[in-house]
Amino acid sequence: MGTWGLAAFENDDAVDLGYEIEEGGWTVATRAMAKVILKFGYLEAPDSQRGVAAATLVAAKRRPDVVDLSPEVAILRDLLPPPPPFSAQLARLTLNRVMRRSELQELWAESPELDEWRAETSKGLQAL
């Protein structure tokens, strides 16, 4: 797993999603969140990371004072128009699903940084 930090965009899958969102806008983010929400069974880490990144971007667009982003991701946030009205609910569902039942949650549970990851990921929920 190409992860170097706790934040939503501090992994390879999320960075790739950021480039895709830059090209395709909120439609790409919505698809990433829907994939998490609609997944029956085991939710693997790459889809979880993409979903968390998309949800965090929605949250950061709504409340930039709550969600910290790297300068590169903040530029993307600022370039995007407001997210679609339903995106806040999708983002909430996505973050809750990943934090409760996912491979990503299991991987963080195996590390000493689980509480820090939960706190960082919960910032998105606070902003929604």
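The values are calculated or read from the model by the stated rules, or taken from the named source; none is laboratory data. The structure presented is a predicted model; accordingly, all values stated were derived computationally and were not measured. For neighbour counting, all protein chains shown are included, and Cβ atoms are generated from backbone atoms with ideal geometry for every residue, glycine included. Accessible surface areas use protein heavy atoms only, side chains included; no ligands, DNA or RNA. Shrake-Rupley method; radii C 1.70, N 1.55, O 1.52, S 1.80 Å.
Numbers for the structure displayed
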{"item": "Selection within region 67-84 - in a helix (DSSP H, G or I) and exposed (fewer than 14 other Cβ atoms within 10 Å of the Cβ)", "result": "PRO71, GLU72, ILE75, ASP78, LEU79"}
{"item": "Checking PHE40 against (1) aromatic (Phe, Trp, Tyr); (2) in contact with a helix residue (DSSP H, G or I) (Cβ under 7 Å, 6 or more places away or on another chain); (3) at pLDDT below 95, the condition it does not meet", "result": "(2)"}
{"item": "Scan of region 4-57 for residues that are of a type in the set (Phe, Trp, Tyr), part of a loop (DSSP other than H, G, I, E, B) and in contact (Cβ under 8 Å) with a residue 24 or more places away in the chain, ordered by number", "result": "PHE9, TYR42"}
{"item": "Criterion: out of contact with any Pro (no Cβ under 9 Å at 6 or more places or on another chain) and open to solvent by less than 30 Å² (accessible area, probe 1.4 Å) - qualifying residue of SER87, SER111", "result": "SER87"}
{"item": "Total residues in region 36-66, condition under 17 Å from VAL98 (Cβ atoms), more than 12 Å from the chain's Cα centre (by Cα) and open to solvent by 20 Å² or more (accessible area, probe 1.4 Å)", "result": "7"}
{"item": "Any pair with Cβ under 7 angstrom, 6 or more apart, that starts in region 103-128 at a residue that is outside any helix (DSSP H, G or I) and ends at one that is basic (Lys, Arg) and at pLDDT 95 or above", "result": "LEU128/ARG92"}
